[in-house]
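Since every read-out is calculated from the coordinates, none of them should be taken as a lab result. Only a predicted model underlies this, so the values are computations on that prediction, with no experimental measurement involved. Every residue, glycine among them, receives a Cβ derived from its backbone with ideal geometry; neighbour counts consider all protein chains shown.
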Amino acid sequence: MDLTEYVDALRGSLTTAAAAGGEEVRDTARLLADALDPAVRLTVLDALATMAAEVTAALDGDVVEIRVRGRDPEVVVTRVHAAEPAPAAPIEEPGDDGGTARISLRLPEALKSRAEAAASAQGGSLNAWLVRAVADAVNRPPSGTSPGRGPRRYTGFARS
């Protein structure tokens, strides 16, 4: 994805707004527009990474990433073909000394609906299903990925 047209559009808007001022204002606007180029690119990349994370959360295991090649971002979708899920391990009930913690979890509506459907298909409540999902996730051995990899990861090279 070439960001040049978007950066140029912002540059044009800034210089058009400065056209109402004198020559000094127009020169300042041109200098600011040139200086803003890297900041605008980084801001757009951050917005794209946030969008990719939201899309990934709404998908069923597939991962959407934004990778940088040169100066331009590239959208990469990694399809995950999950094997038949293993039967859920029974949830260990806490002993008398174990307490219960209450948390507030914000989910995208589509993900919440899918989680409710999965819980219903297993004949349990959404809360029990979420507890089982979290327990499975924390008890699962780490996969071969390195720490810090995820939807907000930037790859590429830098040039000064």
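Taking 0.36 nm per residue of separation and subtracting the Cα-Cα distance, full extension of the segment from T78 to A135 would add 18.0 nm. For E74, the residues 5 or more places off, or on other chains, whose built amide H falls under 5 Å of its own are R67, V68, R69.
A Förster radius of 41 Å combined with the Cβ-Cβ distance from L126 to E5 puts the calculated FRET efficiency at roughly 0.35.
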